Structures are given as C-alpha cells and as structure tokens.
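Asker: This is the structure I have questions about; it appears just below.
The values are calculated or read from the model by the stated rules, or taken from the named source; none is laboratory data. All values reported here derive from a predicted model rather than from experimental measurement. Quick reminder, even Gly has a Cβ in these numbers, built from the backbone with ideal geometry, and neighbours come from all protein chains shown. Quick note on the areas: whole protein, heavy atoms, side chains included, nothing else; ligands and nucleic acids left out. Shrake-Rupley method; radii C 1.70, N 1.55, O 1.52, S 1.80 Å.
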2 protein chains.
Amino acid sequence: MKKMDLRKAFTLIEPGPVTLVTTSAGGTNNVMTISWTMVVDFTPKFAITTGPWNFSYKALTKSRECVIAIPTVDLLDKVVGVGTCSGKDTDKFDTFRLTPIKGKYVEAPLIKECVANIECKVVDIIKKHDIIVLEGVAAYFDTSRKEKRTLHAVGDGTFVVDGRTLDRKKQMRSKLLGIF
Amino acid sequence: MKKMDLRKAFTLIEPGPVTLVTTSAGGTNNVMTISWTMVVDFTPKFAITTGPWNFSYKALTKSRECVIAIPTVDLLDKVVGVGTCSGKDTDKFDTFRLTPIKGKYVEAPLIKECVANIECKVVDIIKKHDIIVLEGVAAYFDTSRKEKRTLHAVGDGTFVVDGRTLDRKKQMRSKLLGIF
C-alpha cells in the first residue's frame with residue numbers, strides 16, 4: 001500500500017465504484033458496503049449517504065473518522081457479504097477475512113485486500129438528507145496488485161465490472177488539474 | 001424513450017456513470033457534463049455537486065428543475081465536448097447535435113440520444129458544499145437502443161467503459177427492494 005498524491009485521490013471515487021467504509025469504536029473495527037458516494041471537491045472532499053439504519057453510523061458520527069476502501073472484482077463476494085450482514089452481531093473483518101492495517105491519521109483501519117484506501121475525517125453531517133461530508137487526509141494505492149478492475153453496484157443485485165479505458169486527455173486538457 | 005418504473009430510477013445513478021444534466025431558462029436549453037452524482041434515497045432522490053462556476057447553475061437554481069440524462073460509450077466525444085465549453089457562448093444542443101425532447105413535468109429537455117433520462121425537481125440547495133438535492137419525478141429508458149454501456153469518468157481525462165455484469169441477486173435478496 002503506497003502513499004498516493006492526495007490531489008489525485010478524487011479519481012478513486014469519481015468513477016463511482018462500490019466502496020467499503022471502515023470505522024473504529026472503542027477498539028472494535030467495523031466495515032460497511034456503500035455505493036452511494038460522490039466527490040464534492042478536489043481537495044479532496046467526498047459525500048456519502050448513510051444513516052442510523054447502518055450499525056456503523058454511530059461509530060462514524062461519534063469518532064468523526066472513517067476509511068473509504070476500494071475493492072476490486074475479485075473481492076465481490078466479500079463486498080456482498082459485508083453488505084448483507086450487520087456489525088451488530090458479526091465481526092466482519094474476521095468473517096470475510098479482511099485484514100485491517102493501521103492508518104496514520106485515523107483509528108479506522110485500511111483494508112489490506114483493497115486496491116486503494118482513503119483516510120477520512122467527517123467535516124459535516126447533513127442529517128436532513130443523511131449525507132455525510134468527508135475530507136480525505138491521506139490516500140494509498142496498492143501498485144503491486146495485478147487486478148485493478150473495480151465494481152459498480154447497479155442496485156438490483158448486479159454489479160458491472162470495469163471494462164476498457166478510453167483516453168480523452170488531450171481534448172480535456174483545459175479542464176484537468178495540472179497534476180495529470 | 002419508454003417510461004420506466006420510477007422506483008427503479010436509482011439504478012441509473014447508483015453505478016456512477018457520467019451524466020449530462022440539462023436545464024432550461026427563458027426558452028433556452030443548456031446541458032452540462034456532471035460525474036459528481038450520488039443516490040440519496042430510493043424514492044428516488046439524488047445529489048449532484050455543482051456551483052456558480054457552471055453556467056447552467058443559475059438556470060438550475062432559478063427554475064429548480066433539470067433532467068439527468070445518461071449517455072453511452074458511443075456519445076463519449078459529445079460528453080467531452082459538452083464538458084469543455086460553456087453555455088455562455090455555445091448552443092451545446094446545436095453544436096453537439098443533441099436532440100431535445102419535451103418532458104412531462106419539467107421544462108428542461110430530455111436528450112433523445114441518451115439511453116435514459118430522469119426528470120428532476122430541486123428539493124434542496126446545500127450552498128455550503130455546492131450540493132444540490134434532486135427528486136426524480138419521471139424516468140425513461142430507450143429500450144430500442146443496442147449500445148447500453150455507460151461511461152465512468154476517472155477525472156484525469158480517461159473514461160472507463162462498462163464491462164461485464166456479475167449477478168449476485170440471490171445473495172442480496174434480503175437487501176433488494178421487492179421490485180427486482
């Protein structure tokens with residue numbers, strides 16, 4: 001897991017992959033599957049939709065910290081498993097053999113098996129819409145990983161895998177940050 | 001463009017495709033490329049991030065209406081074109097040969113060339129974060145269209161095309177709405 005230029009971390013969320021969001025409360029790690037995410041700015045800030053119906057919500061809002069981890073296609077059954085049980089009665093890291101790694105800025109763990117991880121601080125909770133605004137404070141990418149294709153949850157029980165990549169850098173030059 | 005069960009419209013946005021958002025102001029149509037979108041609830045509600053830096057912002061916040069259109073891979077160069085010029089000095093529908101279709105509930109036009117369209121009303125503007133919350137009031141899908149693969153903007157000038165679809169409906173049954 002190599003440290004990544006934080007200015008590029010928004011590119012992990014902008015394509016809309018399903019994510020695993022980890023939290024930590026009183027030494028207990030938990031993780032939830034979230035596909036309702038959005039970039040809010042390049043610094044980077046992100047929004048996620050979650051609420052009290054998720055067991056992790058309390059830990060997330062109390063600790064005001066989390067990690068957004070990006071799983072790849074080989075982890076699909078873990079993603080589905082994590083998303084269909086509750087931390088209330090399941091140690092999900094143990095059950096789905098996910099390996100927590102200590103981050104630098106937050107107590108919530110990175111997930112070793114994921115291709116990328118973003119340590120995040122909660123900057124705002126918009127209760128009216130169940131939107132939580134996060135600021136990414138550090139990002140990591142597993143450059144040694146061969147499988148890098150992410151998953152896009154459709155919401156009907158199917159998932160679309162990343163296909164080919166099309167390059168329009170030249171046409172978009174005027175809109176791109178100077179870092180690309 | 002066939003009317004679609006509104007309860008399924010969230011599945012158009014959940015996978016995170018790049019979208020074209022249309023507006024109408026004083027009889028003038030405009031369209032912008034937006035990839036910072038998120039589902040907020042199943043009714044459906046959506047969040048998008050946009051602000052005064054987008055020429056469409058004024059029309060969107062004044063009319064409190066828009067259409068979210070979903071382009072497919074064959075429209076990539078139109079998507080990039082729309083995203084790299086401004087409605088301030090360009091008639092984008094004309095320039096990129098997009099065909100506006102009259103919707104039923106909003107003045108903003110559907111885009112005929114897109115595989116899906118969602119008529120939306122603005123329900124909230126969260127100025128602090130440049131987040132606009134929308135309610136989908138009608139959705140349409142072009143079932144006659146052969147090419148259905150959508151695009152995922154990475155943010156560095158590249159776009160990932162939808163690859164294969166993996167089915168986990170059985171494993172996710174407990175989490176799915178009864179409509180699937």
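Asker: Sequence neighbours fewer than 8 away in the same chain don't count; with that in mind, list the lysines whose C-alpha is under 17 Å from A:Lys3.
Answerer: Result set, ordered by chain and number: A:Lys102, A:Lys104, A:Lys112, A:Lys148.
Asker: Further question on the same structure: Using Cα-Cα distances under 8 Å and only pairs 6 or more residues apart, what relative contact order does segment A:26-77 have, in percent?
Answerer: 22
Asker: Next up: Can you compute the modelled spin-label distance between B:Thr165 and B:Lys112, with each label point 7 Å from Cα toward Cβ, in nm?
Answerer: 2.7
Asker: Tell me the total accessible area that A and B bury against each other, 1.4 angstrom probe, in square angstrom rounded to 100.
Answerer: On the way: alone 10250 and 10250 Å², together 15790 Å².
Approximately 4700 Å² gets buried when A meets B.
Asker: Using alpha carbon centroids, what distance separates segment B:67-140 and segment A:61-127, in Å?
Answerer: 34
Asker: If you don't mind, there's one more thing I want to ask. Could you work out, residue by residue across B:70-76, how many beta carbons of other chains sit within 10 Å of that residue's beta carbon, and then give the average as an integer?
Answerer: The per-residue average across the peptide is 1.
Asker: Can I ask one more? If I take every Cα pair under 8 Å that is 6 or more residues apart in segment B:58-180, average their sequence separation and divide by the length, what percent do I get for the relative contact order?
Answerer: 24
Asker: Using a 1.4 Å probe, how large is the accessible area of A:Arg7, given in Å² and rounded to the nearest 10?
Answerer: 130
Asker: Please compute, for peptide A:29-36, the average count of beta-carbon atoms on other protein chains lying within 10 Å of each residue's beta-carbon.
Answerer: Shielding by partners across A:29-36 averages 2.
Asker: By how many nm would the segment from B:Lys128 to B:Lys62 grow when fully extended, if each residue of separation counts as 0.36 nm and the alpha-carbon distance is taken off?
Answerer: Contour length minus Cα-Cα distance gives 22.0 nm.
Asker: When ranked by the protection proxy of mean other Cβ atoms within 10 Å per residue, highest first, what sequence do the peptides A:71-82, B:111-122, A:36-47 form?
Answerer: B:111-122, A:36-47, A:71-82
Asker: Magnitude of the Cβ-charge dipole of chain B, K/R +1 and D/E -1, about the Cα centre, nearest 20 debye?
Answerer: 660
Asker: Quick check on segment B:1-76: what does the Kirkwood estimate of hydrodynamic radius come out to from the alpha carbon pairs, in Å?
Answerer: 13.3
Asker: A further question follows. Treat every Asp and Glu Cβ in the protein assembly as shown as -1 and every Lys and Arg Cβ as +1, leave all other atoms uncharged, and give the resulting dipole magnitude about the Cα centre to the nearest 20 debye.
Answerer: Numbers: 56 positive and 40 negative charges, 24 e Å.
It comes to approximately 120 debye.
Asker: If you don't mind, another one. Put the label 7 Å from Cα along Cα→Cβ for B:Arg97; what are its distances to the other copies, in nanometres, shortest first?
Answerer: Computed spacing set for this position: 5.3 nm.
Asker: When each copy gets a label point 7 Å from Cα toward the beta-carbon at B:Ser86, what are the spacings between them in nm, shortest first?
Answerer: Distances to the matching label points in the other copies: 5.1 nm.
Asker: I would also like to ask the following. For chain B, which semi-axes, largest first and in whole Å, follow from the square roots of 5 times the eigenvalues of its Cα gyration tensor?
Answerer: Working from the Cα gyration tensor, I get semi-axes of 25, 19, 16 Å.
Asker: Between B:Trp53 and the same site in the other copies, what are the distances in nm, shortest first, taking label points 7 Å from Cα along the C-beta direction?
Answerer: Spacings between copies for this position, smallest first, are 3.4 nm.
Asker: Provide the per residue accessible area, probe 1.4 Å, for segment A:10-52, rounded to a whole number of square angstrom.
Answerer: That works out to 23 Å² for each residue.
Asker: Report the residue of chain A with the smallest Cβ-to-axis distance, using the rotation axis that brings A onto B, in whole Å.
Answerer: A:Gly16, 1
Asker: Between B:Phe180 and B:Glu147, take the C-beta separation as r, use R0 = 25 Å, and let me know the FRET efficiency to the nearest 0.05.
Answerer: Numbers: r = 23 Å, r/R0 = 0.94.
With R0 = 25 Å, the Cβ-Cβ based efficiency is 0.60.
Asker: State the percentage of accessible surface on the protein assembly as shown attributable to carbon and sulfur atoms; use a 1.4 Å probe and exclude ligands, DNA and RNA.
Answerer: Roughly 50 percent of what the probe reaches on the protein assembly as shown is carbon or sulfur.
Asker: Let me ask something additional. If you count, for every residue in A:114-122, the Cβ atoms of partner chains within 10 Å of its Cβ, what is the mean?
Answerer: 0
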